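The values are calculated or read from the model by the stated rules, or taken from the named source; none is laboratory data. Predicted model, so just to flag it, every value in this text is computed and none were measured. Cβ: placed from backbone, ideal geometry, glycine included. Neighbour counts: every protein chain shown.
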Amino acid sequence: MDVLPAAPPPPAARAGGKTSQRWLPWLPVLVALALSTAISVLALSTASGVTYLGDSSYDTEFVSGWWGLAWFLPLLPGVTAWFRPLVAAWQGLAVAGPQVVTAAIVVNRYRVSDWGDGLEFLSFLMPLGLVAVSAVLIAAALIFSPRSRAARRA
């Protein structure tokens, strides 16, 4: 009677069972990316476009006011930086990524509708501002976190 050799343990068991926890520190990046994408989709889908107001006047809105909610997103990397600075830096980029796509869609909507006057490129200041605010909050968290204060005392 032949006995089959025992199968090797799965990779998670060989590595001490930590494969499922490898992605856990990056969960804040995925949350920031999801929230930023949701705000972008909401702002783009609720925009009214070109609206005739009467007497040959029009109103153009290619991204709605919901886009302003994105200014709350840099708080996420600022808080994360207290615990994991590298993850916070990636989170800051995840906050700005979908906003760059939103700005590109806004510029494209202006160009396609022939309502653009060249100033629509200023919409790219929004994601750049989000990166700058995220960087300032991350730097502040690194300077004022209890870890950095303890390191300065030592």
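Kindly indicate whether residue 79 is within 19 Å of residue 34 (Cα to Cα), surrounded by fewer than 17 Cβ atoms within 10 Å (Cβ to Cβ) and more than 12 Å from the chain's Cα centre (by Cα). If you could, list the steps in order and put the result at the bottom.
Values: within 19 Å of residue 34 (Cα to Cα): yes; surrounded by fewer than 17 Cβ atoms within 10 Å (Cβ to Cβ): yes; more than 12 Å from the chain's Cα centre (by Cα): yes.
Against the criterion (within 19 Å of residue 34 (Cα to Cα), surrounded by fewer than 17 Cβ atoms within 10 Å (Cβ to Cβ) and more than 12 Å from the chain's Cα centre (by Cα)), residue 79 qualifies.
Conditions tested, residue by residue: (1) in contact (Cβ under 8 Å) with a residue 40 or more places away in the chain; (2) small (Gly, Ala, Ser); (3) in contact with a Gly (Cβ under 6 Å, 6 or more places away or on another chain).
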site: 64; (1), (2), (3): no, yes, no
site: 71; (1), (2), (3): yes, no, no
site: 85; (1), (2), (3): yes, no, no
site: 124; (1), (2), (3): no, no, no
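Please specify each residue of the stretch 1-59 satisfying the condition of being small (Gly, Ala, Ser) and at pLDDT below 75. Show your work before the answer.
Initial filter on the stretch 1-59 (small (Gly, Ala, Ser)): 6-7, 12-13, 15-17, 20, 32, 34, 36, 38, 40, 43, 45, 47-49, 54, 56-57.
Passing the criteria: 6, 7, 12, 13, 15, 16, 17, 20.
Within the stretch 20-74, how many residues are of a type in the set (Val, Ile, Thr) and within 17 Å of the chain's Cα centre (by Cα)? Give the derivation first.
Applying the first criterion (of a type in the set (Val, Ile, Thr)) to the stretch 20-74 yields 29, 31, 37, 39, 41, 46, 50-51, 60, 63.
Among the residues that remain, those that are also within 17 Å of the chain's Cα centre (by Cα) are: 29, 31, 37, 39, 41.
Residues meeting the conditions: 5.
Within the stretch 60-68, does at least one residue satisfy the condition of being among the aliphatic types (A, V, I, L, M), farther than 12 Å from residue 139 by Cα and modelled with pLDDT under 95?
Narrowing the stretch 60-68 to residues among the aliphatic types (A, V, I, L, M): 63.
Still in the running and farther than 12 Å from residue 139 by Cα: 63.
Retained after the next criterion (residues that are modelled with pLDDT under 95): 63.
Yes: the stretch 60-68 contains one or more residues that are among the aliphatic types (A, V, I, L, M), farther than 12 Å from residue 139 by Cα and modelled with pLDDT under 95.
When you scan the stretch 101-112, how many residues do you find that are loosely packed, with under 13 Cβ neighbours inside 10 Å and not β-branched (Val, Ile, Thr)? First the steps, then the outcome.
Of the stretch 101-112, the ones loosely packed, with under 13 Cβ neighbours inside 10 Å are 111-112.
Among the residues that remain, those that are also not β-branched (Val, Ile, Thr) are: 111.
Number satisfying all stated conditions: 1.
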